[in-house]
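Below is one structure, written out as structure tokens; the observations come after it.
The values are calculated or read from the model by the stated rules, or taken from the named source; none is laboratory data. Here the structure is a predicted model, which means the values were calculated and not measured. Here the Cβ positions follow ideal geometry from the backbone for every residue, glycine too, while neighbour counts run over all protein chains shown. In case anyone asks, the SASA skips ligands and DNA or RNA and just uses the protein heavy atoms, side chains included. Shrake-Rupley method; radii C 1.70, N 1.55, O 1.52, S 1.80 Å.
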Amino acid sequence: MNSFPSAVLEDGHRELVDAFESFVRRELVPLAAELPETADQPPAELRTYVRKRSAALGFYAGDYPEELGGSGMPFTAVVLLHHAAGRSGCPLAPYALAGSDGPSPLLRHGTPEQIERYLVPLVRGEAARCLALTEPQAGSDAFRLTTTAVRDGDDWVIDGRKTFVSNADRADLALVVTATDLGDGAGPTAGATAFAIPMDRPGLRIGQRYEGMSGEPLFELTLDGVRVPTSAVVGGAEGIGAATALAMDSLSRGRLVVAAMCNGVAEYALRLGVEYAREREAFGARIGSYQHVQEHLVSTRAEVEASKLLTLACARLVDEGTEAPENAALAKLTASETAVRAVDRSLQVHGATGWVRGHPLEFLYRHVRMMTIIEGTSEVQKVIVARAMGLG
């Protein structure tokens, strides 16, 4: 079964994807084989090793400039790498590429000092970060902020609580988004501001731990009188009150990365389904010869190919300078919902075999459901697209 429609890849990208897949097969698959079958998440030290090793090979944060430790590759190539990681079936492959633990809007919005102090170690895989945006009473309404940063002379004092923070337990840096109070008695009126805060800052603590369906933990962060200098404002003075635009800029690329990973997962699930349907026999014939099984797999093939093309088209628009939020929203909506259906259908083809703990589809069934929630729920993506269509 073809991995790609041949017309949508350039030779340079194909060579890059081949090199990444070779790295996964040569180095990561043997490491993954040593993990217990029931382990949903690799140990933290192994994830750190994979991140650093991939960065040394130029894959981890490939679209970042070479002077920062990246490879200067186009965003389209990054999307193709995430797709390859998803379809590899190797549980370590996603950690070889920068996600929510890696580089951030600091490249486009950070000050030179922030880029040197924080971004360089992130790009090189030497450090990890987390994004503290969501609050307990807000959910998808992410910018309904009660966490406040109050200006106090040359410093800011931050108080509040964040929830569902990925990577908080292993992050060196937190990007914290707050309502902004200029300290003039008017209250939080200056919009949202993002701060780059080292995780060892006094007053910043990890609170409740939540165990997700797929084993990935999420955390609460509490900020109790966290005092930071003005230099912690992402973007410097121009970043005060500008976090909404900064976050949307970052979310668009993040959503395309999620879309690419979902496409890869869907393709992997489809491959598992096709292989099983070719081999499994029932009632005197291979089950792939039955029309209802074919319906599951052919429908998935059509949806996956369409989703892949949409995601690649949006990634190419980014490289050409067009980063419309509705493009990323449409791609993420399509890919995440497609992945859920692909895994569900493939599990149905496998029957009880795919349901058993330790089978790849059993894990994917739990894992992929989160993809319709992270980086904005499917409903949020629909709102973004509908507004772009003039409907809201």
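Some points to look at:
- Rough spin-label spacing in nm, given labels placed 7 Å along Cα→Cβ, for LYS52 and SER289: 5.5 nm
- Here, P(r) means the percent of Cα pairs in each 10 Å bin from 0 to the largest distance; for the chain it is 5, 22, 32, 25, 11, 4, 1, 0, 0.
- For the range 112-168 and the range 295-346, distance of Cα centres in Å: 30 Å
- Point-charge dipole on Cβ atoms (K/R +1, D/E -1) for the range 66-136, about Cα centre, debye to 20: 220 debye
- Legend: residues HIS367, HIS83, sorted from most to least accessible area (1.4 Å probe; ligands, DNA and RNA excluded), read HIS367, HIS83.
- When the Gaussian network model of the chain links Cα atoms closer than 10 Å, the mean-square fluctuations of ALA98, ALA85, ALA56 top out at ALA56.
- Where the Cα pairs of the range 114-155 fall when distances are cut into 5 Å bins, in %: 5, 18, 15, 12, 16, 22, 12, 0
- Debye-formula intensities of the range 322-369, expressed as log10 I(q)/I(0) at q = 0.29 Å⁻¹, are -0.98 (one equal scatterer per alpha-carbon, no solvent).
- The overall shape of the range 35-98 is oblate: from the C-alpha gyration tensor, with semi-axes ordered a ≥ b ≥ c, the ratio a/c is 1.5 or greater and a/b is no larger than b/c.
- The alpha carbon convex hull volume per residue for the range 81-231 rounds to 127 Å³.
- Shape class for the range 51-156: oblate, because the ratio a/c of the largest to smallest gyration tensor axis (alpha-carbon atoms, square roots of eigenvalues) is 1.5 or more and b/c is at least a/b.
- Potential lengthening of the chain between ALA282 and SER299 amounts to 3.9 nm, from the contour at 0.36 nm per residue minus the alpha-carbon distance.
- Size of electric dipole in the chain: Cβ of Lys, Arg +1 and of Asp, Glu -1, about Cα centre, debye, nearest 20: 860 debye
- Linear extension gain, THR189 paired with SER214, 0.36 nm per residue minus alpha-carbon span: 5.1 nm
- In this structure TYR365 has an accessible area near 110 Å², from a 1.4 Å probe over the protein heavy atoms.
- Derived from the Cα gyration tensor, the three semi-axes of the equivalent ellipsoid of the range 145-297 are 49, 17, 12 Å, largest first.
- Note on the chain: dipole from Cβ charges, positive end direction compared against LEU173, HIS359, PRO105; the farthest Cα belongs to HIS359.
- Nearest-20 debye value, the range 249-392 charge dipole, Cβ charges on Lys, Arg, Asp, Glu: 280 debye
- Label-point gap, in nm, between GLU126 and ILE206 - each point 7 angstrom along Cα→Cβ: 2.2 nm
- Probing with 1.4 Å while keeping every protein chain in the model, the per residue accessible area of the range 313-358 equals 43 Å².
- Against the criterion of solvent-accessible heavy-atom surface with a 1.4 angstrom probe, TRP355, TRP156 sort, most first, into TRP355, TRP156.
- Probe 1.4 Å - accessible area at GLU379, Å² to nearest ten: 120 Å²
- The chain: most fluctuating residue of THR230, THR322, THR334 per GNM, C-alpha cutoff 10 Å: THR322
- Of the residues VAL356, VAL298, ranked by 1.4 Å probe accessible area with the largest first, the sequence reads VAL298, VAL356.
- Since only ALA138, VAL123, VAL150 are under comparison, the one whose Cα sits farthest along the positive direction of the charge dipole of the range 117-158, derived from C-beta charges on Lys, Arg, Asp and Glu, is VAL123.
- In this rough spin-label picture, where each label sits 7 Å from Cα along the Cβ direction, the GLU67-ARG117 distance is 2.0 nm.
- Most mobile listed residue (PHE283, PHE219, PHE363) in the chain, GNM with C-alpha springs under 10 Å: PHE283
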